[in-house]
Amino acid sequence: MTADSPRRIDVHHHLIPPFYRDLLTKAGIAEAGGRALPDWSAEAALEQLDLLGTDTAVVSVSTPGAGFLTDPAEAADLARRLNEYAAGLPERFGWFATVPMPDAAASAAEAVRALDELGADGVTLLANNRGTYLGAPGQDALWRALNDRGAVVFVHPADLPAPAVEGIPPFAADFLLDTTRAAFLLVRNGVVRTYPDIRFILSHAGGFVPYASHRMAVTIAGETGRSPLDVLDDFRSFYFDTALSSSPAALPTLLAFARPGHVLFGSDWPFAPSIAGQYFATALDTELAPTTLAAINRTNALPLFPRLGGTPAPAPSRNLRRSAQRAGARFFFRLVNPGTK
């Protein structure tokens, strides 16, 4: 391990087991969030970790999770299979359990099994499941089970429960709104206050939460009679990952809003291609003060995932990291100069 290796803990990193891809294909689901399902293997994932100087990735199943199966027993069985697969990954991977939402009772049961018996590091919850958002009534069995265990909950967006707008891929804008809707309801309906031992991580810098937090706080205060400052405090209780969000415009807003220690590194691989991960990681590496960078890359995650702070992975060579940084810079140049090859 070289002295300048980031030793990142990536909290937003996906897996696509072969049997899961087959089930999605059989169900006619060829893409997630408007993007074709990418290729995935544990070996390719480890290569990506090495490229970005990442020690550990906490993997999760992305949308549509298990909820595309409308039969509750089939969805519960798929969640069990996905969790058993994740539990068998190499030791450089942590994992978030999949649960069969929107069935809150079945999800509570599978969360307990995954956390207590399989050693999951937390639970993935999609912002909405077939139109039912996190924070809606009827989910207390799940919240109680997670709160009793001080669980980490990774909130990941799904397709909005409405037709996509032609020309706007869901991952480009709708995902950010989906996460924001869930965060709003989790605060509006008192989930984060009633169950304070759950640690919620919001994907992609929380969608629009940091930017719109005061607007939403005033709205909730007007509806509930609560103090806007108390509502803002609830929004600031969330953790936020940097996946696709460490741009010069988004990152200052996130850092200005989030509590100290509440910003975590995320890559969104493989749905975000390697070149995108290199660009956003390079933005962190080059724009942040060393202490802030070290906190986001690693130390902020350790209180949430203490077992992942063990033996570091072999570091990539300095030449490999410099190559990744140059690739990230070229990617950004093409973004702002679309006619350039």
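General remarks:
- Residues within the stretch 37-49 that are over 13 Å from P90 (Cβ atoms), touching a Leu at 6+ places or on another chain (Cβ under 9 Å) and surrounded by fewer than 18 Cβ atoms within 10 Å (Cβ to Cβ), tallied: 1
- Note on the stretch 279-314: residues that are assigned to a helix (DSSP H, G or I) and over 17 Å from D55 (Cβ atoms) total 9.
- Taking each residue of the stretch 103-119 that is over 16 Å from V153 (Cβ atoms) and looking for partners that are buried (at least 17 other Cβ atoms within 10 Å of the Cβ) and of a type in the set (S, T, N, Q) with beta-carbon atoms closer than 6 Å, six or more apart or interchain, yields L118/N83.
- Odd one out for A324, checked against (1) out of contact with any strand residue (DSSP E or B) (no Cβ under 9 Å at 6 or more places or on another chain); (2) loosely packed, with under 15 Cβ neighbours inside 10 Å; (3) at pLDDT below 90: (2)
- Test: F68 is within 15 Å of the chain's Cα centre (by Cα) and either more than 28 Å from A162 (Cα to Cα) or surrounded by fewer than 22 Cβ atoms within 10 Å (Cβ to Cβ) (or both): no
- Residue match in the stretch 184-192 (condition: part of a helix (DSSP H, G or I) and under 23 Å from P306 (Cα atoms)): yes
- One residue from E74, E110 being assigned to a helix (DSSP H, G or I), of a type outside the set (S, T, Y) and within 29 Å of L302 (Cβ to Cβ): E110
So that you can scan it fast, the table gives a plain yes or no per residue for (1) within 15 Å of F68 (Cα to Cα); (2) assigned to a loop (DSSP other than H, G, I, E, B); (3) in contact (Cβ under 8 Å) with a residue 24 or more places away in the chain:
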position: P6; (1), (2), (3): no, yes, yes
position: I9; (1), (2), (3): no, no, yes
position: L24; (1), (2), (3): yes, no, yes
position: G28; (1), (2), (3): yes, yes, no
position: P38; (1), (2), (3): no, yes, yes
position: A44; (1), (2), (3): no, no, yes
position: L49; (1), (2), (3): no, no, yes
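The values are calculated or read from the model by the stated rules, or taken from the named source; none is laboratory data. These numbers were taken from a predicted model, which means no experiment stands behind them. Every residue, glycine as well, gets a Cβ built from its backbone with ideal geometry; the counts of neighbours run over all protein chains shown.
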